Amino acid sequence: MKLTKRNENYSKWYNEIILKANIAEKSDVRGCMILKPYGFAIWEKIQSILDRILKSTGHENVYFPLLIPKSFLSKEFNHIKGFAKECAVITHYRLKNLNNKNLIVDQSSHLDEELIVRPTSETIIWNSYKRWINSYRDLPILFNQWANIIRWEMRTRFFLRTSEFLWQEGHTAHSTKKEAINHTKKMLNIYTNFVENFFSIPVIQGIKTSSEKFAGAEKTFCIESIMQDGKSIQIATSHFLGKNFSKAFDVKYTTKKGKKKYVWATSWGISTRLIGAMIMTHSDDKGLILPPKMAPIQIVIIPVYKTQEQLHLIEKIVFPFKASIEKKGINIKYDKRTYYTPGWKFNEYEIKGIPIRITIGKKDLDRGTVEVVRRDTLEKKNISIKKLETFIPKLLYKIQDNIFKKALKRKEKFLLKVDSYEEFKKKIKTNSGFLFSHWDGTSETEKKIKFETNATIRCIPINLTSKLGKCIFSKKKSKQRVLFAKSY
């Protein structure tokens, strides 16, 4: 079950790790994937944790239809311009038999209006908000939806870019511009804390350029992170939509003074792409390395025995410990399968990235200890059975912290100030991470740099200080540095 090494073929390593860890596999539908139980369990953890956070901040869950009338998308010009090439379109509603053998489309069942399989839900949601919003008393609306999305991708890759993916999408409505912008920033901070504290992925907060922002937004905020191969991944986005959608769907509210005003909007989301980012950020040549907070199984216990009597003695230790540790909210698996050897199991759980492996055998019982192996460092320790219950929670915390610090150190290493275009081109060829360089603020320069180097402006950083300078390409004045990188 050996993996291709990262430094030999990073893309192949990434695909292999997903298949061998049994996270996902390709489906029979082009560009789509099947999330297997282990992979879906990670998504369920994302859902349960983030859903709790969203509800604690006043958001409510809703569900809107998968299908959107084509005319809805046409109402906001920039929105349809951005998504038109990615839309899956339903034109008929019935099949019929041909010679009792083959199914064909019944041409008489053509829809009066084509339906779009949702690429995002702003249009259908704002069409509903028109019915629901009349007065200032109806605001704010803080809705979130857990859903699947279809965007017809030409080049796909597990989790990072698939034609269908799972996500949550928030859609809020506000009475003032200030309130909407503050909510956009609030969601950016919620995503930042979620990704850094639970996934141990350090990120950079920023604003997208006009050419990179969400179609239909006035301003798009994002969090970006750097992977082990020096490429960037956009992990989450939060959009200030202004009045674009309220004007497109004529959504107005009556103020306290009786005036009619258009509503201010935001939308924001995070998707299964986050699982791909987690894999690429932490894993090694032996398999997955999962942050304990996001691991479906945090501890696995493997008994090593020859007789049923030995197994009975082992289980007298294991079962009380397992019950006690589960009460603390820790997920633990006891694997006594006889049709696999202990060595085979060690390899399986190493590839799956289980944070802690505990092995207990006859000799361990005699010594009153167990062998504890942490996945992030592969360090082995013999721990007293009596101390195990207090030792394990502390070790899980240490693993989570160590994984984050390692990724943070890599991010800082990959953040390079570059002031000459020649150096920029040399660095970008090797995917050298975030190139922190001056840009003159024009889309023309942005396009030329992208054409010549395949690097894009990932974001205009919010919290990174930068002095005035000269654009690396045009030599014109630049207000601040931006983050360039190749990306997934």
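Filtering GLU371, GLU350, GLU315, GLU309 for residues that are in contact with a Gly (Cβ under 6 Å, 6 or more places away or on another chain) and either at pLDDT 95 or above or not aliphatic (A, V, I, L, M) (or both) leaves a single hit, GLU350. Give the residues of the stretch 384-402 that are in contact with a Phe, Trp or Tyr (Cβ under 9 Å, 6 or more places away or on another chain) and open to solvent by less than 20 Å² (accessible area, probe 1.4 Å), sorted by residue number. Hits for the stretch 384-402 are LEU388, ILE392, GLN400. Within the stretch 132-141, the set of residues being part of a helix (DSSP H, G or I) and either hydroxyl-bearing (Ser, Thr, Tyr) or free of Cβ contacts under 8 Å to residues at least 60 places away in the same chain (or both) comprises TRP132, TYR136, ARG137.
From the list GLY368, GLY361, the one residue that fits, being of a type outside the set (D, E, K, R), more than 28 Å from the chain's Cα centre (by Cα) and at positive phi, is GLY368. When residues of the stretch 7-28 are filtered for being over 25 Å from LYS293 (Cβ atoms) and assigned to a strand (DSSP E or B), how many remain? The qualifying residues number 2. From the list GLU371, GLU412, GLU350, GLU379, the lone residue that is under 24 Å from LYS316 (Cα atoms) and either of a type outside the set (Phe, Trp, Tyr) or open to solvent by less than 40 Å² (accessible area, probe 1.4 Å) (or both) is GLU371.
Annotation: LEU365 fulfils all but one of (1) surrounded by 11 or more Cβ atoms within 10 Å (Cβ to Cβ); (2) touching a strand residue (DSSP E or B) at 6+ places or on another chain (Cβ under 9 Å); the unmet one is (2). Restricting to strands (runs of 3 or more DSSP E) lying wholly in the stretch 173-277: which have 1 or more residues that are buried (at least 20 other Cβ atoms within 10 Å of the Cβ) and out of contact with any Phe, Trp or Tyr (no Cβ under 7 Å at 6 or more places or on another chain)? It comes to 204-207, 219-226, 232-242, 264-271. Pairs are defined by a Cβ separation below 6 Å, a sequence spacing of at least 6 or placement on different chains, a first member in the stretch 23-38 that is free of Cβ contacts under 8 Å to residues at least 24 places away in the same chain, and a second member that is of a type in the set (S, T, N, Q) and in a loop (DSSP other than H, G, I, E, B); the pairs so defined are ILE34/SER27; LYS36/ASN22.
Summed over the stretch 278-287, residues that are touching a helix residue (DSSP H, G or I) at 6+ places or on another chain (Cβ under 6 Å) and open to solvent by 30 Å² or more (accessible area, probe 1.4 Å) total 1.
Do we have SER175 as at positive phi and touching a residue at least 12 places away in the same chain (Cβ under 8 Å) here? So SER175 does not fit the description; no. Listed conditions (1) at pLDDT 95 or above; (2) out of contact with any helix residue (DSSP H, G or I) (no Cβ under 8 Å at 6 or more places or on another chain) are all met by THR338, apart from (1). I'd like the full set of residues that are more than 30 Å from PRO291 (Cβ to Cβ) and either exposed (fewer than 15 other Cβ atoms within 10 Å of the Cβ) or in contact (Cβ under 8 Å) with a residue 40 or more places away in the chain (or both), limited to the stretch 431-441. Matches in the stretch 431-441: SER437, HIS438, TRP439. Only a single criterion out of (1) touching a residue at least 24 places away in the same chain (Cβ under 8 Å); (2) buried (at least 20 other Cβ atoms within 10 Å of the Cβ) is not satisfied by TRP167, namely (2).
For the stretch 416-430, the tally of residues that are surrounded by fewer than 19 Cβ atoms within 10 Å (Cβ to Cβ) and touching a residue at least 60 places away in the same chain (Cβ under 8 Å) stands at 2.
Scanning the stretch 388-413 for residues that are within 12 Å of GLN228 (Cα to Cα) and of a type in the set (A, V, I, L, M) yields ALA407, LEU408. Per the listing ILE385, ILE360, the residue uniquely in contact with a Gly (Cβ under 9 Å, 6 or more places away or on another chain), of a type in the set (A, V, I, L, M, F, W, C) and in contact (Cβ under 8 Å) with a residue 12 or more places away in the chain is ILE385.
Cβ separations smaller than 9 Å between residues 6+ apart or across chains give no pair from the stretch 46-62 residues that are at negative phi to residues that are modelled with pLDDT under 95 and aromatic (Phe, Trp, Tyr). Selection of first residues in the stretch 288-306 that are surrounded by fewer than 19 Cβ atoms within 10 Å (Cβ to Cβ) and of second residues that are aromatic (Phe, Trp, Tyr) and assigned to a helix (DSSP H, G or I), restricted to Cβ pairs under 7 Å at least 6 apart or on distinct chains, gives the following pairs, ordered by first then second residue: LYS293/PHE198.
The values are calculated or read from the model by the stated rules, or taken from the named source; none is laboratory data. What you see is a predicted model, and the numbers here were worked out from it, not measured in a lab. Glycine also receives a Cβ, built like all others from the backbone with ideal geometry; neighbour counts cover every protein chain displayed. Please note that ligands, DNA and RNA were not included when accessible areas were found on the heavy atoms of the full protein model with its side chains. Shrake-Rupley method; radii C 1.70, N 1.55, O 1.52, S 1.80 Å.
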